[in-house]
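Asker: Let me give you the structure first, and then I'll get to my questions.
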Amino acid sequence: MSLPVGPVNEQYALVTGAGPEPVNIAEYERYAQSTLPRNAFGYYASGSNDMITLRENREAFGRLRLMPKILVDVSNVNMSTTILGEKVNMPICIAPTAMQRMAHDDGELATARAAYRLGTCMTASSWSTCALEDIFEAAPKGLKWFQLYVYKDRAVTLELIRRAERAGYKALAITVDTPILGRREADIKNGFALPTHLTMANFASKGGEHSQGTKSAGEKGSGLASYVASLIDRKLTWQDIAWVRKQTSMKIVVKGVMTVEGALASVRNGVDAVWISNHGARQLDTTPATIEVLPEIVRAVAGRCEVYIDGGITRGTDVLKCIALGARAVFVGRPVLWGLARGGEDGVYKALSLMREELFLAMQLSGCPTLADLKPSLVRTAFSLSSRL
Ligand code: FNR
């Protein structure tokens, strides 16, 4: 049999008007970079300051080595699991990312539909460009969580909580790493603002300052940074988490935990899950990669609540490492945006299907046909050969 010659993409890939189908998430990102307006791509892609954590979120995965088991029957792979008691077909869920209609006109509605087709959970952002009710109704049978930013104005916050509960969201992911916005230099240079035809749709009825996420006339720099500075509550403490808890019967997840101390306080305060995140490296630069703090946090939590992780996860082997080191599930932010930019609902579906297929392959190649087989012993830290001699 003769082997096909030429680039793999040309031989095998479904060729669309947008060029050969991307074969990994990095190619999805490159496509998004070449098609999205600079304002939007800069907002989506950038980390804060020197973007040291942004690189570290990815590079830390590359320093972990996998130790495959041999001669295990891997003819049946099962990657389904539950998060907070709800079934998902894979442990790859969708993190909240704001303003998705900058990537595709269908925005969050497309993401919700793709999530449902994939049998996974979508977390909708407080700062979505479609209203939270419309996002829910785009795929009403799909599992959805709502990400909550706590506004200084508690009436605004309470209304968001009530609306999310009424719509059918199962959990609130309260973001605790954003008392103010991190310094994202791309946004400062681009004078980032939400394009005028879009709004922060959850606040549309309020109009004005809550719904625009933009700057006032003549103001320079990132409009979103000014928005957060004027409206989001910097005084947030555990008492406010307790206040949120009292307002709703939805499950409570604390998103933005990076330390053992933060995880233990979360457990003490009775949250349902801890979500390890450095906000996609967009807040405090030079925090560690999330994968670096996962083992110590899992050890400290000791099974008292579920632990999730996000940050730089783009490959099936990244997911494998997170689950092996104790995460219940992983969440992805930018890969969804790159999928959206490529092809709306179908683009998100394909980008996340690619990650699912990579995880499937990695589970087979590592001799771990179920998620329960993924144990810490599968992973070891890259070492220098000289230290072993
Ligand atoms: C985010 N993230 C975020 N988090 C949150 O709690 N509320 C939000 O509205 C947003 N918005 C947002 C926009 C964009 C463009 C990005 C890239 C990220 C953070 C997000 O939920 C998640 O923590 C990271 O995106 C995970 O890292 P990766 O997968 O993007 O590397």
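Asker: Just tell me which lysines come within less than 20 Å, Cα to Cα, of LYS170; anything on the same chain fewer than 8 places away is out.
Answerer: LYS87, LYS141, LYS144, LYS246, LYS251, LYS255
Asker: Compute for the chain: radius of gyration divided by Kirkwood radius, i.e. Rg/Rh, restricted to C-alpha atoms, rounded to two decimals.
Answerer: Here the Rg-to-Rh quotient is 0.96.
Asker: Output needed: Cys residues of the chain lacking any neighbouring Cys C-beta below 4.7 Å, sorted by number.
Answerer: CYS130, CYS305, CYS322, CYS368
Asker: I've got another one for you. Are there trypsin sites (Lys or Arg not before Pro) in region 247-338 that DSSP puts in a loop and that have at most 16 other Cβ atoms within 10 Å, and which ones? Could the numbers behind the result be given before it?
Answerer: Numbers: sites: LYS251, LYS255, ARG268, ARG282, ARG299, ARG304, ARG315, LYS321, ARG328; in loops: ARG282, ARG304, ARG315, ARG328.
Those that pass, being in a loop and sparsely packed, are ARG304.
Asker: Work out the length of the dipole vector of the chain about its Cα centre, built from +1 on the beta-carbon of each Lys and Arg and -1 on the beta-carbon of each Asp and Glu, and round it to the nearest 20 debye.
Answerer: 740
Asker: Compute the helix-to-body angle for 334-365: its Cα long axis versus the longest principal axis of the chain, expressed 0 to 90° and rounded to tens.
Answerer: Result, in degrees: 30.
Asker: If you fit an axis through the alpha-carbon atoms of helix 25-35 and take the longest principal axis of the Cα set of the chain, what angle between them do you get, 0 to 90°, nearest 10?
Answerer: Taking the Cα atoms of the chain, the angle to 25-35 is about 40 degrees.
Asker: When only Cα pairs under 8 Å and 6 or more residues apart are kept, what is the percent relative contact order across the chain? List each step's numbers first, then the result.
Answerer: Working: 769 pairs, mean separation 96.6, N = 389.
That works out to 25 percent.
Asker: Compute the long axis of helix 107-118 from its Cα atoms, compare it with the longest principal axis of the Cα atoms of the chain, and write down the angle in degrees, 0 to 90, nearest 10.
Answerer: Relative to the chain, helix 107-118 is tipped by roughly 40 degrees.
Asker: Please name which of TYR308, LEU359, GLY119 has its Cα lying farthest along the dipole of the chain towards the positive end, using unit charges on Cβ (Lys, Arg +1; Asp, Glu -1) and the Cα centre as origin.
Answerer: TYR308
Asker: Next question, about the same structure. Find which of CYS93, GLN147, ALA60 sits farthest along the positive direction of the dipole of region 59-162, computed with +1 on the beta-carbon of Lys and Arg, -1 on that of Asp and Glu, about the Cα centre.
Answerer: ALA60
Asker: Compare the Cα positions of SER128, CYS322, GLY107 along the charge dipole of the chain (+1 at Cβ of Lys, Arg; -1 at Cβ of Asp, Glu; about the Cα centre) and return the one farthest towards the positive end.
Answerer: The one lying farthest along the dipole's positive direction is CYS322.
Asker: With all protein chains present, how much of the accessible area of the chain (probe radius 1.4 Å) comes from carbon and sulfur, to the nearest whole percent?
Answerer: Numbers: 9140 of 17050 Å².
Summing carbon and sulfur atoms, their accessible area is 54 percent of the total for the chain.
The values are calculated or read from the model by the stated rules, or taken from the named source; none is laboratory data. Everything numeric in this text was worked out from a predicted model, so none of it was measured. Reconstructed Cβ throughout: ideal geometry from the backbone, glycine too, with neighbour counts over all protein chains shown. Note: areas computed on protein heavy atoms with side chains; ligands, DNA, RNA excluded. Shrake-Rupley method; radii C 1.70, N 1.55, O 1.52, S 1.80 Å.
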